[in-house]
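In what follows, a single structure is set out as structure tokens and then discussed.
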Amino acid sequence: MDESALGNRDKRGFWRPNKKLNYGPVLVWPFKVWVFLKWLFGYPGFIFPWNAGYVAITVIAWFYLTPSIETMSTLSIDWMALVFLRNVALTIIIVSAWYFFLYMKKTQSTEFKYNKRWPQDNKSSIFMFKSQTLDSIFWTFASGVPIWTLYETLMLWLYSSGKIPWIDASMHPIWFVVLMFLTPVIHEIHFYFAHRLTHVKFLYKWVHYLHHRYTNPEPWSGIAMHPVEHMIYFAGIWIFALIPSHPMHMMFIAIRLGVAPSQGHTGFDKIVTGKDSAVDIGIYNHYLHHKYFEVNYSDGIIPLDKIFGSFHDGSLEADKKMQKRLDTYNLGNEFN
Ligand SMILES: [Zn+2]
Ligand SMILES: [Zn+2]
């Protein structure tokens, strides 16, 4: 599918979709049931294809790639290491899949890519090994996956040893399903506030700046962050210690936090699926955050940015408003 049918590329090589960004029809008045149901069950929508995919990964990980309850009821490095290897494997498989097709095989060239330039060509010394990709891989595995695994395994131990409530899906089927639907929302609310916190001057300067060096993001940029940011970012997992839940709910948020950012940082608006078809990746929100820094702290289910005045709808007019603020950030990276 030709990108010019759905957007415009400017002289500098930046593509923008014609359609302005908006939120899911959740907190709107008057509430329109049909619009909501279409958004919930439509394609692409809230469930399909992305959340359904992450739930499927969670179910497989819980039934086939998680130690038994009996084993997990005692803290031990042996089973925690197995969960770590499972998370490493999940990360490699999912992030590499995005990277392999879009950035190595370049299956759709720069079609629907927001920034025409390829991060592989950027040899800036702001990156370790003068490579954005190697730099991102380093932070992902040196700190991201270990902190994710530490939080997840401690939670699995708390559930298995009866220290926090574990709800049985067969006894509370409605709550089980409702909480599954709410988990992406809980993720988003935590992400919004955690993310805003890392934009406080001191934390930005010493911690969050690291992730913001990726102004032209690619799949490996997803959880490439400073270790202190990983501690704040993955803390969303702990929310489930306070809510009566099943370990699968906690694993759903953990997997979303761990591997979904590779989707959020693909740098492409859509995947071309045929001559006349393309599927929305749903990441324009976060791409704009990487481009303009002080906008779109959340990912777009509920209008938190609109409520707190940091929403950028992707339009030229919104761009102009942001330009002044952008000038206050100096990254020392001329590439983007
Ligand atoms: Zn990011
Ligand atoms: Zn940020």
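Coordinate-derived values only; no laboratory data. Keep in mind the model is a prediction, meaning the values are calculated, not measured. Here Cβ is always computed from backbone atoms with ideal geometry, including for glycine, and neighbour counts include all displayed protein chains.
Set the Förster radius R0 to 35 Å, insert the Cβ-Cβ distance between residue 10 and residue 202 as r into 1/(1 + (r/R0)^6), and round the FRET efficiency to 0.05. List each step's numbers first, then the result.
On the way: r = 35 Å, r/R0 = 1.01.
The formula returns an efficiency of 0.50 here.
How would you order 57-65, 291-299 from highest to lowest mean count of nearby Cβ atoms within 10 Å?
Values: 57-65: 15.2, 291-299: 21.7.
Per-residue mean Cβ counts within 10 Å order the peptides as 291-299, 57-65.
What is the distance in Å between the Cα centres of region 147-216 and region 218-280?
So the two Cα centres are separated by 10 Å.
May I ask you to derive the relative contact order of the chain, considering only C-alpha pairs under 8 Å and at least 6 residues apart, and to give it as an integer percent?
Working: 447 pairs, mean separation 78.7, N = 336.
The value is 23 percent.
Relative to a virtual label point 7 Å from the Cα of residue 193 in the Cα→beta-carbon direction, which members of region 236-258 show backbone nitrogen distances below 15 Å?
Backbone N within reach: 236-243.
With the dipole of region 3-326 worked out from charges on the C-beta (+1 for Lys and Arg, -1 for Asp and Glu) around the Cα centre, which of 151, 21, 76 lies farthest toward the positive end?
Of the listed residues, the answer is 21.
Hey, quick one: spin label on residue 231, modelled 7 Å out along Cα-Cβ, who in region 138-170 has an amide N within reach, i.e. under 16 Å?
Hits in region 138-170 for residue 231 at 16 Å: 143-152.
Order by neighbour count: 34, 39, fewest other Cβ atoms within 10 Å first, most last. Please list the in-between numbers first.
Values: 34 8, 39 18.
Going from sparsest to densest Cβ surroundings: 34, 39.
Count charges around residue 285 for me, please; just the other residues with Cβ under 12 Å from its Cβ, Lys/Arg as +1, Asp/Glu as -1. Walk me through the numbers on the way to the answer.
Details: positive: 20, 291, 306; negative: 188, 269, 280, 299, 305, 313.
Once all neighbours under 12 Å are counted, the net charge is -3.
To the nearest 20 debye, what charge dipole does the chain have about its Cα centre, counting +1 at the Cβ of each Lys and Arg and -1 at the Cβ of each Asp and Glu? If you can, show how the numbers build up before the last one.
Details: 30 positive and 24 negative charges, 188 e Å.
It comes to approximately 900 debye.
With Cβ to Cβ distances under 12 Å as the rule, what net charge do the other residues near residue 313 carry (K, R +1; D, E -1)?
On the way: positive: 16, 19, 20, 306, 321; negative: 305, 317, 319.
That sum, taken over residues with Cβ under 12 Å, equals +2.
R0 = 56 Å: FRET efficiency of residue 170 with residue 117, Cβ-based, nearest 0.05? List each step's numbers first, then the result.
Numbers: r = 53 Å, r/R0 = 0.94.
According to the calculation, E is roughly 0.60.
Just to verify a number: FRET efficiency for residue 279 and residue 41, C-beta to C-beta distance, R0 = 22 Å, to 0.05?
Numbers: r = 16 Å, r/R0 = 0.72.
The formula returns an efficiency of 0.90 here.
Peptides 270-276, 250-256, 188-194: what's the order by average Cβ count within 10 Å, highest mean first? Write out the running numbers ahead of the final one.
On the way: 270-276: 13.7, 250-256: 25.4, 188-194: 18.4.
Most protected by this proxy first, the peptides run 250-256, 188-194, 270-276.
Helix by helix through the chain, keep the DSSP H runs that span 20 Å or more along the axis on Cα and average at least 0.0 on Kyte-Doolittle, and give those back in order. Could you put the intermediate results ahead of the total?
Numbers: long enough: 77-99 (32 Å, 1.57); 145-160 (22 Å, 0.88); 173-198 (37 Å, 1.08); 247-264 (24 Å, 0.73).
Qualifying helices, which must be both long enough and hydrophobic enough, are 77-99, 145-160, 173-198, 247-264.
Among DSSP beta bridges lying fully in region 3-326, give the percent that are antiparallel, nearest 5. The partial results should precede the final answer.
On the way: 9 of 10 bridges.
In region 3-326, DSSP labels about 90 percent of beta bridges as antiparallel.
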